[in-house]
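What follows is a single structure, written as structure tokens, with notes after it.
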Amino acid sequence: MAAKIPTFSPFSLNTKTKSSKSKLHVNKLTIIASKSTHPSIAGRKLRAAVIGGGPAGSSTAEALAAGGVETFLFERNPPSAAKPCGGAIPLCMLDEFSIPLHLVDRHVTRMRIFSPSNIAVDFGKTLKSNEFIAMLRREVLDSFLRSRAASAGATVISALVTAVDLPPSPTAPYTIHYTVQNTYRRRLAVDVVIGADGANSRVAKSIGAGDYTCAIAFQERIRLPDEKMAHYENLAEMYVGNDVSPDFYGWVFPKCDHVAVGTGTVRSKQGIKLLQRGIRDRVRDKINGGKLIKVEAHPIPEHPRPVRVRGRVALVGDAAGYVTKCSGEGIYFAAKSGRVCGNAVVKASEGGLKMIDEHDLRREYLKIWDGEYTSMFRFLDLLQRVFYGSNAAKEALVELCGDEYVQRMTFESYLYKKLAKGRVLDDAKMVMNTIGSLVKCNILGRKMEGLII
């Protein structure tokens with residue numbers, strides 16, 4: 001949607017957002033009258049700026065606009081700009097966010113994981129006939145979600161946000177400074193700011209949200225000959241071992257006409273290209289003859305920021321630090337956090353009629369988000385600490401992945417984003433097998449290290 005870019009005048013402008021007539025899905029929020037003591041906003045609606053047009057920002061903007069809030073969505077990249085991302089999303093996201101199947105490049109029904117010693121385990125035996133991991137390209141998904149936000153009523157502005165001025169008083173506006181086409185400087189006054197601008201968030205810096213540890217992900221897109229691409233028709237591969245990453249994993253994920261080959265690390269960021277060479281060496285026979293079409297890298301937050309809400313500013317997605325340990329997954333949690341935050345603003349403002357404050361954002365956004373997902377994030381953090389610390393532990397991880405009960409619990413949790421409920425006896429057996437694998441593989445690991453020395 002072409003945006004009519006407003007000029008600065010604190011709340012005197014009357015820029016109307018336009019809704020598309022196309023019937024795209026909009027998540028409906030029932031607004032329950034709150035006990036808010038905030039005054040009503042005279043002559044206009046609550047105005048929000050969402051900085052960043054990825055899954056987090058677009059989902060926020062859609063929820064805000066659909067709920068009656070005047071919404072401006074800022075995105076600096078053109079719609080076709082490629083996004084560096086593995087591109088895997090869980091099955092539940094397709095339904096929950098009404099993602100059309102034609103956006104999905106591959107339906108992955110087989111996952112193969114390779115140990116440091118190259119022992120391979122097929123990880124997907126328990127998937128049902130209607131279950132799969134969706135693989136897509138971020139540039140395709142992001143463009144779709146931004147268009148849907150525009151159809152809900154958000155004004156999409158193609159511009160780079162350069163600064164956010166904080167208000168001099170609790171009820172004064174925030175000022176968004178931005179440039180259009182790297183030339184024209186503009187500013188906009190808003191009541192609420194949502195930072196969805198990634199791991200290096202400018203919005204987070206503006207409110208002093210604190211730093212967090214970041215991993216770096218490095219990925220190459222490689223177009224394979226047809227006969228080799230057929231190998232990855234419905235197969236994704238994961239590789240663990242210190243040669244590909246000391247604290248994460250390497251991957252080969254299939255896309256529409258190419259594969260994404262990459263790795264990530266926290267501890268060895270300076271050596272990321274050496275680790276990328278390691279994953280390429282592991283898959284050499286499978287990608288020989290392929291054509292390198294793109295090289296990309298991006299930061300991945302390792303934990304939530306110390307501050308995610310301050311004043312009338314909230315952070316979502318990577319800007320907030322919502323990426324899981326162990327798997328490095330962030331797309332679903334970006335979109336989900338955006339929707340939760342957008343709905344929180346709509347509810348607290350009673351459909352954009354009243355002003356909100358920090359207490360409202362903490363109550364309606366952070367309290368709900370943390371209550372739903374803190375346990376999952378902590379559990380995955382624990383798994384990463386246990387299984388990614390050494391080659392011996394990674395051998396144990398791959399061995400455990402061969403157990404069908406482990407596979408069922410893992411895929412149920414991943415596909416539906418809820419910690420799967422197991423059976424007591426099977427859970428006890430799984431714990432004992434885990435301990436046994438760790439003990440055995442640590443013993444084997446020490447023997448192998450002795451032989452190497």
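The values are calculated or read from the model by the stated rules, or taken from the named source; none is laboratory data. Here the structure is a predicted model, which is why all the values come from computation and not from measurement. Don't worry about glycine lacking a Cβ; one is built from the backbone with ideal geometry, like all the others, and counts go over all protein chains shown.
Filter the range 173-195 down to residues that are free of Cβ contacts under 8 Å to residues at least 40 places away in the same chain and part of a loop (DSSP other than H, G, I, E, B) and give me whichever is surrounded by the fewest Cβ atoms within 10 Å (Cβ to Cβ). Only one residue tops the list, namely Thr183. The one condition from (1) touching a helix residue (DSSP H, G or I) at 6+ places or on another chain (Cβ under 7 Å); (2) surrounded by 15 or more Cβ atoms within 10 Å (Cβ to Cβ); (3) at pLDDT below 95; (4) closer than 27 Å to Ala396 by Cα that Val140 does not meet is (4). For Asn200, the conditions (1) under 30 Å from Lys291 (Cα atoms); (2) of a type outside the set (Asp, Glu); (3) in contact (Cβ under 8 Å) with a residue 12 or more places away in the chain are fulfilled apart from (1). Among the strands (runs of 3 or more DSSP E) confined to the range 33-143, the ones with at least 1 residues that are among the basic types (Lys, Arg) are located at 47-51, 106-108, 110-114. For the condition touching a helix residue (DSSP H, G or I) at 6+ places or on another chain (Cβ under 7 Å) and part of a loop (DSSP other than H, G, I, E, B), what is the one hit in Ala199, Ala209? When all the criteria are applied, what remains is Ala199. Restricting attention to the range 323-368, the residues being part of a helix (DSSP H, G or I) and touching a residue at least 60 places away in the same chain (Cβ under 8 Å) number 16. Restricting Ile99, Ile113 to residues that are aliphatic (A, V, I, L, M), at pLDDT 95 or above and either surrounded by fewer than 19 Cβ atoms within 10 Å (Cβ to Cβ) or out of contact with any strand residue (DSSP E or B) (no Cβ under 6 Å at 6 or more places or on another chain) (or both) narrows the list to Ile99. For the range 143-170, a residue qualifies if it is buried (at least 23 other Cβ atoms within 10 Å of the Cβ) and acidic (Asp, Glu), but none of them does. Within the range 201-216, one or more residues are at pLDDT below 95, aromatic (Phe, Trp, Tyr) and surrounded by fewer than 22 Cβ atoms within 10 Å (Cβ to Cβ). The residue that is modelled with the lowest pLDDT, counting only those in the range 263-288 that are closer than 20 Å to Gly389 by Cα and assigned to a loop (DSSP other than H, G, I, E, B), is Ser268. Of all residues in the range 302-322, those satisfying the criterion of being part of a strand (DSSP E or B) and surrounded by fewer than 23 Cβ atoms within 10 Å (Cβ to Cβ) are Val309, Arg310.
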